[in-house]
Every structure is written in structure tokens, then in C-alpha cells.
Amino acid sequence: MHLPSWKWAWLPVVLLIAGKTAQVGGRNHLDLARTDYRLTRLPFFGGGVAHLLRYLNPLSPNSSPERGRISELRSDLDPNYVSYRGAQLWKLNFNATRDSSMEEREPGEEEEEQQQVEPEERQVLASPGAQFNEVVALFGSEVWNINQDGIDILIEQRNVADAKKFMDKVGFSYNIMIDDIEAAIDETYVEVPAVEHPLDSVRNNSLPWMERPGSLMTWRRYHDHADIQQFLQNLLETYSENVELIQIGVTRNKRPLEVIRVSNGNPDNWAVFVDAGLQARDWLSPAALTYAISKLTHLWARPRAQGQGQRQSRADKAMRRIDWYFLPLANPDGYQYSRHTDRLWTKNRGYDTESGCYGVNLDRNFQYGWGGIGSTSNPCKNLYRGAESFSEPESRALRSFLSGMREYLGAYVSLSGYGQTITYPWGDADYVTENQRDLKQTARSAVLALRRLNHAEYSYGTSYNQKLARPGNSADWVQDRIEPQLVFNMFLKDQGRYGYLLPPHYIVESGEEVFEFLRTIAQQLE
């Protein structure tokens with residue numbers, strides 16, 4: 001297919017936005033034997049620090065002493081702790097990006113002049129002027145996102161003053177979204193008191209799935225990997241008739257990759273696979289997905305409880321005709337490293353002996369489009385794609401498990417933060433998939449449902465047109481090799497106010513949005 005020149009100009013706009021079978025009721029399913037992996041309770045930080053942090057009060061905008069105490073605590077516990085004190089998140093404003101409407105947008109014809117940047121490390125190449133790219137090249141340590149309003153860029157403390165002078169000189173508009181990254185990081189570690197938690201008071205504490213006896217999960221803070229494991233084990237023990245745990249692999253640091261299956265055992269069900277947390281610094285998607293799982297299992301056991309009403313009952317019926325497979329934490333090594341050492345770490349913890357650098361970006365490690373512009377061969381960079389496609393145990397585990405589901409996988413969803421949009425293949429060019437009509441219709445229905453739910457404004461479209469393309473991402477590979485009916489990325493809150501540092505205040509709201517999206521997919525697969 002020939003693409004006009006302006007289409008090619010947008011192609012590189014790539015962001016960090018991230019067997020054995022057993023016969024089961026007449027259908028070949030993967031072996032669903034429960035893992036005998038023994039869960040070990042690990043402390044939040046180690047040495048009982050979890051208990052200390054849980055009693056810290058939520059941080060107000062003027063509570064810098066509290067922030068300092070938490071930062072100092074983390075640095076004392078880990079001598080390799082990475083501080084972002086004084087770094088800032090900027091939004092470079094421009095009008096030539098997608099807006100917040102529901103309609104899928106085609107990229108506009110932008111000025112073709114581009115600042116020349118090394119291709120492998122190119123992150124932003126389409127903007128109203130070359131000055132935007134110059135800001136990125138000269139002062140930005142990383143581009144976080146391109147969203148409705150502009151480019152979100154991380155400015156290190158040493159570059160802040162010079163970047164401000166440059167912006168004043170060229171007369172470009174920008175907003176400082178976070179004036180101290182380290183202070184914003186502190187706010188992601190606190191726990192929101194129940195009396196201040198969103199939705200709890202609004203709905204008169206009518207969220208029974210948030211109160212699970214024996215579970216450490218509260219959704220009032222971001223939990224560590226051990227808490228998530230314990231939560232899954234709790235679900236297994238509570239709903240043994242409908243829940244299975246499947247260990248699909250282990251990471252380089254020997255952490256288990258655990259999938260929880262929720263099903264009524266009907267061999268005619270379609271399967272839906274949902275993963276979260278491929279990017280280590282994305283704490284929101286694992287939290288939101290575990291919330292959705294908790295709600296799903298609670299309503300599964302009590303379909304008419306809590307006065308859910310007729311609409312809920314119809315949705316329950318659709319969701320009960322699905323075999324749900326959830327991988328709440330696809331990158332546990334990187335996730336734990338981001339909690340202890342470097343809050344903005346995004347890769348896994350693979351080690352490259354030649355460079356001495358750690359980590360591969362898992363959302364650049366899948367085979368389809370692997371090695372394209374928007375990834376790098378430099379192992380020390382955040383966009384490092386790996387020595388080859390599927391070089392990492394996490395991506396290989398997903399490949400093996402999903403390949404075994406080829407005959408009955410109805411939908412694949414990968415959750416991540418942030419961007420507030422629902423995308424579908426393709427990401428490498430403006431091509432049309434055979435199932436694009438269904439993808440577009442389902443995404444549009446989901447956007448409408450999210451708007452009704454809590455006035456959340458999501459956009460939708462192909463990854464390419466939404467400027468969220470990532471070479472070697474999981475969704476494009478699933479579309480290419482597994483070919484289920486539906487394939488989506490859901491980028492959760494927000495649109496750049498907090499970026500990857502969304503306070504835990506928003507976990508429940510985001511979990512409700514994930515649940516609503518999964519409900520829409522279930523109804524589409526009926």
C-alpha cells in the first residue's frame with residue numbers, strides 16, 4: 001500500500017506511553033492445574049517499613065516535610081535509590097493533536113520540516129515546528145506521551161533553567177504539570193484514608209468487593225508484587241469452583257508470572273485475555289485490573305447482590321459466558337525495582353553483559369514490527385527492544401500461552417497508563433485490519449459507556465492514528481499471529497496532569513473504567 005508523504009511523516013511518532021493441553025468439557029484448553037507455588041509474604045519495602053508507611057498521612061500540596069521524610073526513607077533503605085528531586089514534567093502545547101471527542105481522527109498535515117535526531121532514539125518527530133523537537137533534543141530526558149493537548153516531556157533539574165530560557169526566546173507555550181517529580185513520586189506511596197476515598201462516600205460504601213477478608217489489597221494505595229500474589233491466592237481459596245491459578249512462566253529474577261482464570265467451565269465459552277503492567281513504572285494498570293477482578297468475582301458469586309439492578313444482571317450474563325484470563329502483573333521484576341529503587345524505571349531486569357546495563361522494554365520485544373523506529377538497540381536506553389524479538393522470559397511466556405489459546409481466544413486486551421484512549425492495530429502504518437469495523441464499533445461503545453459511567457472522556461482509534469504506535473508491541477503481534485475477534489490497548493488515566501505518577505486516589509475510578517470496558521467486550525462477543 002502506498003502512503004502519501006505526510007503519512008510517512010507521522011509513522012515514527014512512537015511514545016513511551018508501556019503445550020501441554022488438557023481436555024476440558026470437549027474443548028482443548030491449556031492445563032489449568034493450580035500452581036503449587038508457595039507464596040511468601042514480602043514486606044512493602046523491607047524491615048517492616050510497610051507498617052510505617054501505612055500510617056503516614058496523605059500528602060497535601062503544602063506538606064513538603066512529609067514528602068521529604070518519605071524520600072529520605074526510600075534512599076536510606078536502598079543506596080542505589082534514584083532521586084528526581086527538582087525534575088519537572090512539562091506539556092508543550094500545540095493544537096494539531098487528537099481532541100477529546102469520540103470520533104477517530106486522522107492526523108493533520110503538519111509542517112514537514114523535522115529536527116534531525118538519531119532515528120533509533122527518535123520519540124517526537126511530528127509537531128507544529130522544529131522548535132518542539134529541539135526542546136526534546138536539547139533539554140528533555142524523555143518523552144512520556146503525546147496526548148490531546150501536547151507533548152509531555154520530562155525535564156531534568158539541571159536543564160530546567162535553560163529550557164525555560166529557550167521557551168521564552170522562541171515564544172512557545174508550555175505548562176509545568178509537575179514542578180517537582182520527586183514530590184509527585186512521594187504521593188504515589190501514600191494510602192488514602194477510607195473516609196476520603198473516592199466513590200466510597202459517594203456510594204455510601206457500597207463497594208463490597210473492596211473489603212475482602214484475609215486479603216491485603218485495599219485499592220487505597222499501590223501494592224507490591226507479594227500483595228498481588230496474596231490477593232490471587234485469596235481469590236483461589238474463596239472461589240475455588242470458578243477460579244484457577246496458572247503459572248505461565250518465571251522472570252529472570254525467578255518471580256512467577258501468574259494468570260488467574262475465572263470461568264463457569266462451559267466448553268463453548270470464548271476466552272478473553274487481559275494483561276497489565278508491561279511497563280514497570282505503570283502502577284495504575286495492575287491496581288485497576290485487580291480491582292476489576294475483585295468486582296467480577298464478587299458479582300459472579302452474588303449476581304443479584306447489593307441491588308445491582310436489571311442492567312447489571314444483563315451484563316453479568318454476558319460476562320459469565322466468558323472464560324476470563326488475567327495477568328495482573330506482566331513485569332514483576334521491573335515493577336518491584338520501580339518500587340524500591342527507581343520509580344520511573346520502565347523495563348524488565350534482564351542484564352546485558354556487554355554494556356553492563358539492565359532491562360528490556362517488554363512492549364518493544366514482540367515479533368511484529370520488532371526493531372522499528374521508536375525502539376533502540378542501545379541496552380542502556382528505556383526503549384531498548386532486546387537482542388532479538390522474544391528475547392525475554394516475560395514475552396516468551398505470553399507468546400506460548402496465547403498461542404495455545406488460538407482456537408478459542410475471542411479478545412486480547414493490554415492495559416497500561418497513561419493517555420485515556422482505547423486503541424487497536426495497527427501501530428506501524430495506516431493499514432486496515434479485516435476486523436477493524438468490529439474493533440471500531442466496540443471501542444466506540446466502550447467510550448460511550450465510560451462517558452456514562454463517570455463522565456470520563458476517552459478517545460479511540462488505531463494506535464497509528466492515535467500517535468501511540470510502538471514497534472514490537474504485544475497487541476499488534478496478537479492481531480497478526482493469533483487473530484482473535486478483538487484486540488485492544490486501553491491507556492488509562494490521565495491526559496498528562498500526573499502522567500505515570502497518578503495518586504492512588506484514582507485507583508477505584510480507573511478500576512471501574514476497566515470493568516466497564518471488559519463488560520462491553522463481553523457483550524460484543526455474545
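Spin-label pair Val432-Ser141: with each label point 7 Å from Cα along the Cα-Cβ axis, the two points sit 4.5 nm from one another.
Here the simple spin-label model places points 7 Å from the Cα toward Cβ, and for Ser403 and Asp179 these points are separated by 5.4 nm. Candidates Asn361, Trp345, Thr297 compared by Cα position along the dipole of region 241-371: farthest toward the positive end lies Thr297, with charges placed on Cβ. Using the Cβ-Cβ distance between Arg158 and Leu77 with R0 set to 25 Å, the FRET efficiency works out to roughly 0.45. Charges were assigned to the Cβ only: +1 to each Lys and Arg, -1 to each Asp and Glu. The resulting dipole of region 406-495 about its Cα centre is roughly 340 debye. With all protein chains in place and ligands, DNA and RNA left out, the 1.4 Å accessible area ranks Cys357, Cys380 as Cys380, Cys357, largest first.
Partners of Lys440 within straight-line reach, counting lysines whose Cα lies under 23 Å from its Cα and excluding those fewer than 8 residues away in the same chain: Lys7, Lys467, Lys493. Its Cα centre serving as origin, region 391-454 has a Cβ charge dipole (Lys and Arg +1, Asp and Glu -1) of approximately 340 debye. Ignoring lysines fewer than eight residues from Lys254 along the same chain, the ones with Cα atoms less than 17 angstrom from its Cα are Lys347. Taking the charge dipole of region 405-473 about its Cα centre, with +1 at Lys and Arg Cβ atoms and -1 at Asp and Glu Cβ atoms, the residue from Leu409, Gln436, Gln420 reaching farthest to the positive side is Gln420. Between the listed residues Ala456, Ile482, Ala446, the Cα displaced farthest toward the positive end of the dipole of region 437-496, a dipole computed from Cβ unit charges relative to the Cα centre, is found at Ala456.
Nearest 5 is fine: what % of DSSP beta bridges in region 398-526 come out antiparallel, could you say? So the antiparallel bridges amount to about 20 percent of the total.
Put a plus charge on the Cβ of each Lys and Arg, a minus charge on the Cβ of each Asp and Glu, and nothing anywhere else: the dipole of region 237-289 about its Cα centre is then about 400 debye. Around the amide H of Ile178, modelled in the peptide plane, lie the amide H atoms of Leu89, all under 5 Å away and 5 or more residues distant in sequence or on another chain. Any idea how far apart Tyr351 and Arg252 come out in nm if each label point goes 7 Å out from Cα toward Cβ? Using points 7 Å along Cα→Cβ, the separation is 0.9 nm.
Straight distance only, please: which lysines reach the Cα of Lys169 with their own Cα at less than 20 Å, same-chain residues fewer than 8 apart left out? Answer for Lys169, where 20 Å is the Cα cut-off: Lys91, listed by chain and number. Ordered from highest to lowest accessible area with the whole protein assembly present and a 1.4 Å probe, Arg406, Arg385, Arg339 read as Arg406, Arg385, Arg339.
A 1.4 Å probe over all protein chains sorts Trp90, Trp300 by accessible area into Trp300, Trp90, starting with the largest.
The values are calculated or read from the model by the stated rules, or taken from the named source; none is laboratory data. Just so it is clear, the model here is predicted, and its values are computed rather than measured. Virtual Cβ from ideal backbone geometry, glycine too; neighbours counted across all protein chains shown. Heads up: the accessible areas ignore ligands, DNA and RNA and are worked out on the full protein's heavy atoms, side chains in. Shrake-Rupley method; radii C 1.70, N 1.55, O 1.52, S 1.80 Å.
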